1. Quick check: convex hull of the Cα atoms in the range 238-300, volume per residue, rounded to a whole Å³?
2. Can you compute the modelled spin-label distance between Lys227 and Val184, with each label point 7 Å from Cα toward Cβ, in nm?
3. Exposed loop sites here are trypsin sites (Lys or Arg not before Pro) in DSSP loop states with at most 14 other C-beta atoms within 10 Å. What is the longest stretch of the chain lacking them?
4. Relative contact order (percent) for the chain, with alpha-carbon contacts under 8 angstrom and 6 or more residues of separation?
5. Taking the Cα centroid of the range 157-175 and of the range 196-230, what is the distance between the two, rounded to the nearest whole Å?
6. Please check: in the Gaussian network model of the chain (C-alpha springs, under 10 Å), which one of Leu329, Leu251, Leu216 has the largest mean-square fluctuation.
7. Kirkwood hydrodynamic radius, computed over distinct alpha-carbon pairs, for the range 89-154: how many Å, to one decimal?
8. Once you order the gyration tensor axes a ≥ b ≥ c over the Cα atoms, which shape class does the range 146-286 get: rounded for a/c under 1.5, otherwise prolate or oblate by comparing a/b with b/c?
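The values are calculated or read from the model by the stated rules, or taken from the named source; none is laboratory data. Because the structure is predicted, anything quoted here is derived from the model rather than measured. Don't worry about glycine lacking a Cβ; one is built from the backbone with ideal geometry, like all the others, and counts go over all protein chains shown. For the accessible areas, the whole protein counts, side chains as well, though only heavy atoms, and no ligand, DNA or RNA atoms are used. Shrake-Rupley method; radii C 1.70, N 1.55, O 1.52, S 1.80 Å.
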Amino acid sequence: MTDHILNRDEAPAGGIGFFEKYLSIWVALCIIAGIALGNLMPGLFGFLASLEYASVNLVVAVLIWAMVFPMMVNVDFASLSHIGDRPKGLVLTLAVNWLIKPFTMAALGVLFFEYVFAQWIEPADAQQYIAGLILLGAAPCTAMVFVWSQLTQGDATYTLVQVSLNDVVMIFAFAPIVALLLGVTDIAVPWETLLLATGLYVVIPLVAGFLTRKWLTGRASGAEAQKAVADFTASLKPVSVIGLLVTVVLLFGFQGHVIVERPILIVLIAVPLLIQSYGIFFLTYFAARIWKVPFNVAAPCALIGTSNFFELAVAVAISLFGLNSGAALATVVGVLVEVPVMLSLVAFANRTRDWFPTS
């Protein structure tokens with residue numbers, strides 16, 4: 001969630017930065033505001049929901065771009081030249097994010113919404129919630145990990161290699177994996193919309209970020225080039241923060257009536273998300289321990305697998321199923337769950353760093 005709001009240069013070493021520290025509070029306030037406004041002004045939110053083209057809501061698309069673009073500028077593909085350095089962390093990252101996480105999330109969704117919670121959920125709604133969970137599971141975190149990495153004193157360069165590699169894989173793997181899993185759960189897959197959403201929210205921003213980074217670093221070298229990138233993304237930070245908060249208000253406003261009428265539903269959706277988050281973290285973390293991966297690689301590696309690229313999941317859910325769909329609601333609940341979960345895991349990792357070798 002909120003993957004790009006801070007990068008590794010903005011977060012203070014050894015502590016939680018101002019925005020990270022109060023992130024849960026800001027998001028909580030926006031959730032409350034969104035629910036209230038959605039119920040008080042349904043006509044306004046209905047109008048905003050109608051502003052779409054080719055199944056893409058234009059307002060949400062602009063806000064997602066405001067959040068995603070600075071994140072993509074931070075991705076340094078030159079770091080891929082270090083792909084052969086200490087391969088264990090990369091193997092774990094790729095295996096967890098692309099061979100395990102999407103499938104365990106789909107399995108948990110089916111388990112809970114088709115069996116455990118079946119008596120409380122209509123079958124058609126259950127399929128929608130499963131779809132939203134699948135979208136979250138197939139979208140690994142790509143830049144907020146720099147914050148979690150810094151908070152655990154992770155290897156920043158290695159984290160950058162992991163993130164860059166995941167971004168490259170996501171271009172090619174996200175749409176096929178989502179289509180496969182949606183098909184397995186008997187949900188019709190509109191391939192045209194799925195590919196359009198992947199292009200809009202992954203490929204185009206990534207290319208724009210690459211070109212912008214190249215332009216910024218082309219005028220300097222070394223530390224000056226890194227400073228130019230950091231200064232540029234810092235200048236966009238207010239736009240990113242506003243984009244995040246307005247998106248949360250809108251998303252919860254679109255779903256406000258459902259949340260008020262069925263608050264227990266939010267709890268039901270959160271259950272498989274919590275199990276998935278903690279399960280994936282501990283699976284990766286203990287695999288890294290058994291494999292004797294150094295802590296400054298192991299901790300970020302486990303946190304990458306745990307966190308989600310919530311912006312992409314939300315955008316694709318809206319494009320595929322609509323603003324008021326159960327799939328969109330499930331991805332929105334991911335916003336609610338992720339930050340406190342990640343901060344708890346950062347604290348756990350820091351308390352257990354002596355379980356791992358230092359290098």
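1. 94 Å³
2. Result: 5.0 nm between the two label points.
3. 1-218
4. With pairs under 8 Å counted, the relative contact order is 35 percent.
5. Computed from Cα coordinates, the inter-centre distance equals 15 Å.
6. Of Leu329, Leu251, Leu216, the most mobile in the Gaussian network model is Leu216.
7. 13.5 Å is the Kirkwood radius here.
8. Taking the square roots of the gyration eigenvalues as a ≥ b ≥ c, the range 146-286 is prolate.
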